[in-house]
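One structure below.
Since every read-out is calculated from the coordinates, none of them should be taken as a lab result. All values reported here derive from a predicted model rather than from experimental measurement. So basically every Cβ, Gly included, is an ideal-geometry build from the backbone, and we count neighbours across all protein chains shown.
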Amino acid sequence: KRYVYSFNEGNRSMKELLGGKGANLAEMTKLGLPVPPGFTISTEACHLFYDENKTITEGLIQEIKKAMAEVEITLEKKFGSKENPLLVSVRSGAPVSMPGMMDTILNLGLNDETVLALAEETDNERFAYDCYRRFIQMFSDVVLDIPHYNFERALQRAKEIAGVTEDTMLDAAMLKDLVEEYKKIVRKSGGKSFPQDPYEQLLLAIKAVFESWNNPRAQIYRNINKIPSHYGTAVNVQSMVFGNKGDDSGTGVLFTRNPSTGENVLFGEYLMNAQGEDVVAGIRTPQPIAKLNTHMPEIYEEILKLCNTLENHHRDVQDIEFTIEKGRLFVLQTRSGKRTSKAAVKFAVDLVEEGLLTKEEALLKVDAYQLDKLLHRTISNEGNIEAIAQGLPASPGAATGKIIFDADEVEQMGKKGEKVLLVRPETTPDDIHGMVEAQGVLTTKGGMTSHAAVVARGMGKPCVCGCDSLDIDLEEQTLKIGNRVFNKGDVLTIDGSNGNVIIGEVELVEPELNNDVLTVLKWADETRDLAVRTNADTPQDAQKAREFGAEGIGLCRTEHMFMEPDRLPIVQKMILAETLADRKKQLDKLLPIQQNDFYGILKAMAGLPVTIRLLDPPLHEFLPDVAELAIELALLKEEAQLSNPDIQKREDLLRRVKALQESNPMLGHRGCRLAIVYPEIYEMQVHAIFGAVIQLINEGVEVLPEIMIPLVGEAKELEILKDMVNRIAEEYKEKSNKELKYMVGTMIELPRACVTADKIAEHAEFFSFGTNDLTQTTLGFSRDDAEGKFLPSYIQQKIYQDNPFAVLDREGVGALMDIAVSKGRKTRENLKIGICGEHGGEPSSIEFFHNLGLGYVSCSPYRVPIARLAAAQSSI
Ligand code: ADP
Ligand code: MG
Ligand code: MG
């Protein structure tokens with residue numbers, strides 16, 4: 001087995017073996033581009049290194065020497081020679097780009113003797129010693145662990161003594177002295193002299209690269225970016241070219257197009273008489289790349305050609321590193337350029353227009369996750385922002401406003417046009433009216449799928465949640481971080497795209513769905529198989545979603561309608577009614593209100609299907625809290641402020657609310673179980689639906705309601721309730737003499753429903769997977785408890801790779817879905833199947849749903865464009 005590959009041998013498809021940098025250097029070599037010769041020590045050698053107790057085996061050393069010999073022959077130089085020494089750089093390069101690993105070492109191979117040869121050969125003593133002092137500093141820092149600042153200090157002193165301001169102004173003699181000074185520092189700090197043997201230098205450097213794979217910075221980066229740690233890194237050893245040979249030499253970095261706006265112009269910087277990272281290190285101010293056109297027009301021409309070649313070859317925008325040595329151009333790196341979402345979209349459209357990409361290929365180049373950013377306000381000057389705290393990026397977009405701790409107050413201020421942020425430990429359905437009027441929501445508890453997060457995403461409202469370094473004191477109305485205190489009314493900014501909390505007001509940029517985005521989405525629509533619907537509970541949401549391209553409503557929850565402040569008292573009376581007659585009386589009051597709700601939604605979605613879920617949550621969610629009631633009652637009694645009948649009435653209320661309490665509400669009396677015990681509730685809802693349908697038909701509006709029964713676990717439940725729906729529908733048909741187009745189906749959200757889907761499908765005209773509940777019931781843990789308590793440890797210990805409430809658990813929940821789909825379709829070949837959980841807007845889960853053969857996904861309005869793109873990407 002071999003471990004070393006010359007740049008002449010590899011190609012770009014070998015990234016796993018050669019690392020990204022090595023594979024691309026080989027590819028460019030193959031293209032005949034001016035790449036300094038060299039070789040790559042593979043990632044397999046990295047594994048070998050760790051297997052062999054962190055040693056470089058003798059066999060590998062021989063391979064390295066052989067590869068070096070080839071470079072020597074090509075360049076007619078010799079590594080370590082006292083006449084024409086070959087110098088190399090040692091560069092790390094993992095299969096995926098990974099900042100945080102080892103810094104590059106340049107000019108390796110220099111020692112007290114080769115430096116003399118270099119000086120003589122180039123007739124440039126100053127240059128030779130400049131290389132040597134750079135080499136000692138880099139090597140010491142990276143390999144010998146002697147901190148940078150020791151050398152920086154010495155350099156600073158040398159400049160002061162010489163009375164100059166720039167490194168480049170130090171002459172040969174001064175640099176010679178500096179080298180001696182550096183070597184002293186090495187002896188003192190490292191306890192040994194600077195290694196003089198070039199092969200010893202090389203092997204130490206290679207070892208350092210391998211070891212850097214596991215340094216803390218790299219590990220943290222891998223964790224955050226979910227890069228597997230078994231990849232390992234490759235090492236590139238490359239002959240040096242010199243940008244520090246004088247004023248006809250230099251070094252630079254550039255993007256073939258503007259990575260921020262997407263504009264098709266070179267974007268980058270260069271610095272003359274400089275080496276390596278000088279451009280980015282801020283030692284001197286670099287020049288914009290356009291300046292090179294007047295400065296060295298021939299080189300500029302050559303760079304343009306190079307960019308063209310690389311873009312055409314990779315069919316993507318490139319990020320390139322180059323060096324000019326005495327008027328000759330060399331290319332040292334190319335990779336696909338990182339880009340903003342705006343640029344990504346523009347690149348995609350432009351590259352198709354230029355004939356470089358097909359539409360399908362272009363669609364794959366836009367990151368669906370990133371598209372999110374285009375739909376929300378962003379912070380204009382991200383670089384200069386310092387966050388005081390960081391929570392979870394729960395709902396993207398930035399928002400600035402006065403902090404307010406009470407939803408009612410937020411609502412009042414918001415309605416007056418003031419910009420406010422709702423700040424709460426966590427939110428509940430009682431806070432919704434405040435969320436509606438807030439610019440954004442900040443919570444200190446709760447995870448990515450907490451109430452605040454889910455509702456905010458649904459509203460397209462920025463939200464940072466679970467920001468536990470912040471302390472809210474609701475009594476004092478303050479927000480504390482460390483010993484800083486913010487009072488109610490102070491202004492903060494949150495960025496829901498990264499979780500940052502920032503002091504004061506920050507300039508925001510409005511989102512724009514520009515023509516490029518619309519073009520990409522149009523292509524996505526032509527390509528995808530999955531339909532994309534939205535979860536919407538109000539006509540406004542429905543409207544918004546339609547603008548974003550939703551093709552119907554996949555989930556209209558009716559409980560939010562019950563929560564509205566004007567109806568809640570009726571709802572509560574209905575729930576607490578002790579006789580059927582009494583309950584029906586209250587339901588009759590709700591009927592016209594509810595009918596109006598459905599009228600609005602069905603009208604907003606005219607011509608498109610609307611899935612309406614009948615009431616789902618346990619009834620006590622609509623009632624006041626038992627503990628609060630009890631405390632209130634106790635206080636009133638103590639102060640003897642109540643007459644006896646009043647006490648009686650309150651005790652009675654407390655008793656009835658208590659009776660509805662459940663020890664496990666998630667698994668309690670909810671969903672279709674409500675209607676099995678109290679059929680009159682669903683009956684009212686169904687009347688409201690068909691009442692609205694008839695109204696709209698009379699107005700000439702096309703309506704396609706799909707009535708959805710939640711939480712069915714046994715076919716019989718559905719059978720009973722479907723018969724009820726059909727019976728009521730018949731009444732309306734007869735009364736109106738109209739054809740009614742509607743469907744009855746169920747939500748699949750219990751494991752039992754999945755495994756008995758064939759039976760359920762006998763009664764269901766459609767299935768809609770409720771993956772939130774299905775995840776809870778399959779994994780056996782409730783979302784709120786999991787995210788608040790143990791799930792973070794599970795993810796940290798990699799028991800689960802991702803939060804299963806955000807990214808669908810394919811192995812568990814996905815397997816049940818698979819069973820449900822095949823069993824359901826066995827009974828009913830053309831069964832309509834969709835998904836309406838949170839996962840419906842998550843790109844990797846969408847890919848899974850596509851593969852399962854579902855008909856549609858449904859997600860919150862602001863995720864509709866993302867889902868359209870992700871669905872298209874799954875189809876390609
Ligand atoms: P990073 O991965 O941090 O970008 P690189 O390995 O690309 O590190 O090296 C950083 C810089 O060092 C390069 O951009 C280039 O300017 C310089 N460099 C690396 N190898 C050579 C070389 N053989 N000759 C000249 N400069 C080099
Ligand atoms: Mg680089
Ligand atoms: Mg559910």
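Here are the numbers:
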item	result
All lysines inside 18 Å of Lys445 as judged from Cα atoms, apart from same-chain residues fewer than 8 positions distant	Lys461, Lys480, Lys789
Cα convex hull of the range 717-863 - mean projected area over all directions, nm²	10.3 nm²
Whole-Hz ³J(HN,Hα) from phi, Karplus 6.51 cos²θ - 1.76 cosθ + 1.60, for the range 466-480, glycine and proline x	x, 8, 7, 7, 9, 10, 9, 10, 6, 5, 7, 6, 9, 10, 10
Relative packing of 594-600, 766-772, 671-677, which averages over residues the other C-beta atoms within 10 Å, highest first	766-772, 594-600, 671-677
About the Cα centre, charge dipole magnitude for the range 592-663 (Lys/Arg +1, Asp/Glu -1 at Cβ), debye	340 debye
Antiparallel content of DSSP bridges confined to the chain, in %, to 5	60 percent
Beta bridge orientation in the range 4-239: antiparallel %, DSSP, nearest 5	90 percent
Listed residues Leu18, Ala117, Leu86: farthest to the positive end of the dipole of the range 4-239 (Cβ charges)	Leu18
Ranked Met817, Met561, criterion: other C-beta atoms within 10 Å, fewest first	Met561, Met817
Lys pairs under 29 Å by Cα in the range 177-295, provided they are eight or more residues apart or on distinct chains	10
Sequence of Lys735, Lys573, Lys21 once ranked by neighbouring C-beta atoms within 10 Å, starting from the fewest	Lys735, Lys573, Lys21
Computed over the range 377-509, Kirkwood Rh from alpha-carbon pairs, angstrom	13.9 Å
Of all DSSP beta bridges in the range 377-509, antiparallel share, percent nearest 5	75 percent
For the range 847-864, 3J(HN,Hα) per residue [Karplus equation, 6.51 cos²θ - 1.76 cosθ + 1.60, θ = phi - 60°, Hz, x = Gly/Pro]	4, 5, 5, 4, 5, 6, x, 5, x, 7, 10, 10, 8, 5, x, 6, 9, 4
At most 13 other Cβ within 10 Å, DSSP loop - trypsin sites (Lys or Arg not before Pro), the range 316-355	Lys326, Lys338
Coil-residue GluC sites (Glu not before Pro) of the range 336-437, DSSP, other Cβ within 10 Å capped at 16	Glu354, Glu386, Glu418
Mean separation of Cα contacts under 8 Å, 6 or more apart, over the residue count of the range 50-141: relative contact order %	21 percent
Positive-end residue of Asn215, Leu791, His148, charge dipole of the chain with Cβ unit charges	Leu791
Equivalent ellipsoid dimensions for the range 644-742 as semi-axes, Å, which come from the Cα gyration tensor, largest first	35, 19, 11
Given charges at beta-carbon only (K, R positive; D, E negative), |dipole| of the range 101-198 in Debye	500 debye
Cα centroid separation, the range 421-478 to the range 692-709 (Å)	36 Å
Zero-based 5 Å bins, Cα pair distances in the range 748-835, whole percents	3, 15, 25, 21, 13, 10, 7, 5, 1
Estimated distance in nm for a label pair at Lys188 and Tyr369, the labels positioned 7 Å out from Cα along Cα-to-Cβ	4.7 nm
Sorted by Cβ neighbour density within 10 Å, fewest at the top, the residues Glu578, Glu731	Glu578, Glu731
For the range 250-339, convex hull of alpha carbons as volume per residue, Å³	91 Å³
Counting all C-alpha pairs of the chain, share separated by more than 37 Å (%)	56 percent
Lysines with Cα under 29 Å of Lys733, excluding same-chain neighbours fewer than 8 positions away	Lys584, Lys585, Lys589, Lys603, Lys716, Lys722, Lys741, Lys759, Lys832
Approximate spin-label separation Asp652-Lys716, in nm, with each point projected 7 Å along Cα-to-Cβ	3.7 nm
Charged-residue dipole, Cβ positions (Lys, Arg, Asp, Glu), the chain about Cα centre, Debye nearest 20	1080 debye
Tail fraction, Cα-Cα pairs, the range 1-90, threshold 15 Å, whole percent	61 percent
Cβ crowding within 10 Å averaged over residues, with 60-69, 41-50 ranked highest first	41-50, 60-69
Relative contact order computed over the chain (Cα-Cα under 8 Å; 6+ residues apart), in percent	9 percent
Peptide ranges 856-867, 27-38, 497-508 listed from the most packed, as the mean C-beta count within 10 angstrom indicates	856-867, 27-38, 497-508
Contact order relative to length of the range 390-465, as percent, for alpha carbon pairs under 8 angstrom and 6 or more apart	38 percent
For the range 725-738, Karplus couplings with θ = phi - 60° (6.51, -1.76, 1.60), whole Hz, Gly/Pro x	4, 4, 4, 5, 4, 4, 4, 5, 4, 5, 4, 9, 6, 10
